[in-house]
Amino acid sequence: MDERKSVFQSGAEYGVPLGLYMSTISVCSIFADKLPALSWVVIILLFAGPLMVWRLQRRYYLDDNCASEYATLWMLGILAIIYGALITGLITWGVLHWIRPGYVYETMQSFVDLYGTMPEFKDNEMLRVMQQAIDTGALPNPFEMVTTMFWLVTFSGCLMSAVTAAFAKLRN
């Protein structure tokens, strides 16, 4: 007789492919300024993300002989996203720390340069603050960027998982 895996074990296992998926999104977005076609990859993968979470929840539901409750499927999605976000954070930190250490500076400077040329933004307070952050070196480091990304992904993933869990139970 097969013993049913706990939602925690399955969430951890499903977090690995989800983490690699989200890492692909993250790395592609970091390099999209160098290769603009990666922007399309990011957009497509972002829109397909809920489908991937739904598929993981649906697989668990079917493996459980359609006996899983909504709350269990929602928790599975939350756990997979948290574990995936941890993997993504580690990979993103490595890329920002070793491969593109100047990414935050370059992005911020590009933003200031672009909007600084527009007459309607000439005396904009936000641009002055951003330029001051660049000049004083007060930009976020890779760890701060990854921490912010982790909380954003976790929060939005929890909300998304609530929706996808409802659809995972629809067809038997």
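The values are calculated or read from the model by the stated rules, or taken from the named source; none is laboratory data. This one's a predicted model, so the numbers in the text were calculated from it and none came from an experiment. FYI the Cβ positions are ideal-geometry reconstructions off the backbone, even for glycines, and counts take in every protein chain you see. Remember, those area values only see protein heavy atoms, side chains included, never the ligands or the DNA or RNA. Shrake-Rupley method; radii C 1.70, N 1.55, O 1.52, S 1.80 Å.
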All conditions in (1) open to solvent by 90 Å² or more (accessible area, probe 1.4 Å); (2) at pLDDT below 95 are true of K169 except (1)
Filtering segment 120-146 for residues that are in a helix (DSSP H, G or I) and open to solvent by 50 Å² or more (accessible area, probe 1.4 Å) leaves a count of 13
Checked pairs for segment 61-90, first at positive phi and free of Cβ contacts under 8 Å to residues at least 40 places away in the same chain, second among the small types (G, A, S) and surrounded by 13 or more Cβ atoms within 10 Å (Cβ to Cβ), C-beta under 9 Å and 6 or more apart or across chains, list as none
Residue hits (segment 152-166; among the polar types (S, T, N, Q) and open to solvent by less than 30 Å² (accessible area, probe 1.4 Å)) are T154, S161, T164
Matching residues in segment 53-78 (part of a helix (DSSP H, G or I) and open to solvent by 20 Å² or more (accessible area, probe 1.4 Å)) number 12
Selection from segment 98-119 of residues exposed (fewer than 12 other Cβ atoms within 10 Å of the Cβ) and more than 30 Å from G19 (Cβ to Cβ) yields D113, L114, T117, M118, P119
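W93 - would you say it is of a type outside the set (G, A, S), open to solvent by 70 Å² or more (accessible area, probe 1.4 Å), touching a Pro at 6+ places or on another chain (Cβ under 9 Å) and part of a helix (DSSP H, G or I)?
yes
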Inside segment 18-52, the number of residues satisfying the requirement of being in contact with a Leu (Cβ under 8 Å, 6 or more places away or on another chain) and either in a helix (DSSP H, G or I) or open to solvent by 40 Å² or more (accessible area, probe 1.4 Å) (or both) is 10
